[in-house]
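Report on the following structure.
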Amino acid sequence: MHNKVVFHAMKALNSFGFPVLRFNFRGTGLSAGEHDEGRGEVADVEAALAWLKREFGLPIIFAGFSFGSATGMRAACPDGDVKALISLGTPVQGGAYSWSFLRDCSKPKLFVSGNHDQYGPRLALERVVAHAARPKKLVLIPGDHFFQGHLGEMRMTVEKWVRELLQK
């Protein structure tokens with residue numbers, strides 16, 4: 001929740017006046033519970049989405065980084081109150097996660113990754129995005145999984161996409 005990618009994504013979304021919720025998954029930081037290999041963490045995202053709806057009653061743009069993207073998109077795609085999804089550093093390396101659910105996810109999706117992301121090699125990421133339902137956009141930024149030295153570009157990419165989304 002406190003890494004630089006998540007912070008810059010939060011700043012990008014907050015620049016539009018959106019309330020932003022950042023949280024740690026079970027067993028991370030001071031969060032209770034134990035890591036559940038992505039199963040229980042989907043429920044964590046569902047609980048966070050439910051809280052946002054109760055507190056703000058607004059349409060939601062989901063943004064997740066790495067593991068947060070892999071688990072969060074599973075919860076956000078079928079949720080009718082989530083209007084768009086942003087995946088940062090999509091972890092497609094080694095097939096640890098199934099991305100087949102994206103075939104039926106017709107919400108606008110932005111995928112932003114470093115062009116040398118060790119957890120999201122370009123060809124594997126391009127295959128995942130190619131099989132995702134439209135609308136979708138893939139943006140590769142110079143750098144690694146953590147956008148080292150290119151966080152400003154990542155943030156500007158998110159801001160530009162959200163601005164275009166809001167103008168539609």
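Please treat every number below as a calculation from the coordinates, not as lab data. Please read these numbers as outputs of a predicted model, since none were measured by experiment. Cβ placement follows ideal geometry from the backbone for every residue including glycine, while neighbour counts extend to all protein chains displayed.
Taking square-rooted eigenvalues a ≥ b ≥ c of the alpha carbon gyration tensor, is region 101-168 rounded, prolate or oblate, where a/c under 1.5 means rounded and, failing that, a/b exceeding b/c means prolate? Here region 101-168 falls in the oblate category.
Starting from 0.36 nm per residue, how many nanometres of slack lie between K11 and E164 once their C-alpha separation is accounted for? Don't skip to the answer; put the middle values down first.
Values: separation 153, 0.36 × 153 = 55.08 nm, distance 1.73 nm.
Going from the current span to full extension adds 53.4 nm.
Across the chain, the longest run free of exposed loop sites, meaning GluC sites (Glu not before Pro) lying outside DSSP classes H, G, I, E and B with no more than 11 other Cβ atoms within 10 Å, spans 38-168. Simple spin-label estimate for K137 and D104 gives 2.7 nm between the two label positions (7 Å along the Cα-to-Cβ direction from each Cα). For the chain, the mean residue ellipticity at 222 nm estimated from helices alone is -12500 deg cm²/dmol, where every DSSP H run of n ≥ 4 contributes -39500 (n - 2.57) and the total is divided by all residues, rounded to the nearest 500. Only Cα pairs within less than 10 Å get springs; with that Gaussian network setup on the chain, which residue of L58, L125, L49 has the largest fluctuation? In the Gaussian network model the winner is L58.
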